[in-house]
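Q: Sharing a structure, written as structure tokens. Questions coming.
All of the numbers you see were taken from the coordinates with simple rules; none came from a lab. For clarity, every value in this text was computed on a predicted model and none was experimentally measured. Positions of Cβ are generated from backbone atoms using ideal geometry, with glycine treated the same way; all protein chains shown enter the neighbour counts.
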Amino acid sequence: MALKITDECISCAACVIDCPNQAISEGPEYFVIDPKKCLECVGDYESPQCVNTCPVDCIIEDPDHQETQQALMARREQKGSSRA
Ligand code: SF4
């Protein structure tokens with residue numbers, strides 16, 4: 001499951017630098033997470049870094065983009081091999 005940013009976002013950008021997958025960018029109204037890039041930090045960290053960083057707790061699970069841990073890990077491995 002990717003995560004998403006709600007309209008409570010204050011556009012502080014704190015999460016952007018902490019994302020290991022460059023999945024967060026500025027949207028038309030507030031910051032947004034690209035579900036194709038978000039891996040819930042699987043393979044990089046124990047927990048989602050953006051959630052840990054966000055000062056207003058506006059990052060939640062996105063029920064429209066659900067994935068198993070195995071699927072996330074498979075995508076993480078693909079990402080690793082494409083870097084090589
Ligand atoms: Fe990036 Fe991790 Fe947040 Fe997904 S959960 S947007 S990979 S920091």
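Q: Give me the tail of P(r) for the chain as a percent: Cα-Cα pairs with distance above 19 Å.
A: Taking all Cα-Cα pairs of the chain, the fraction more than 19 Å apart is 32 percent.
Q: When the dipole is taken about the Cα centre of the range 3-83, and only Lys, Arg (+1) and Asp, Glu (-1) are charged at their Cβ, what size is it in debye, to the nearest 20?
A: 480 debye
Q: Between I10 and Q70, what length comes free when the chain is fully extended (0.36 nm per residue of separation minus the Cα-Cα distance, one decimal in nm)?
A: 18.3 nm
Q: So, one more: What is the sum of charges, Lys and Arg at +1 and Asp and Glu at -1, for the other residues whose Cβ falls under 13 Å from the Cβ of G27?
A: So the environment of G27 carries a net charge of -3.
Q: Going by alpha carbons, how many degrees (0 to 90, nearest 10) lie between the helix axis of 69-83 and the longest principal axis of the chain?
A: Here the helix axis deviates by roughly 80 degrees.
Q: Please compute the net charge surrounding V16, taking Lys and Arg as +1 and Asp and Glu as -1 over other residues with Cβ under 14 Å from its Cβ.
A: -2
Q: Taking θ = phi - 60°, what integer Hz values does the Karplus form 6.51 cos²θ - 1.76 cosθ + 1.60 yield along the range 18-27, in sequence order, with x for Gly and Pro?
A: Values, residue by residue: 7, 6, x, 10, 6, 8, 10, 9, 6, x Hz.
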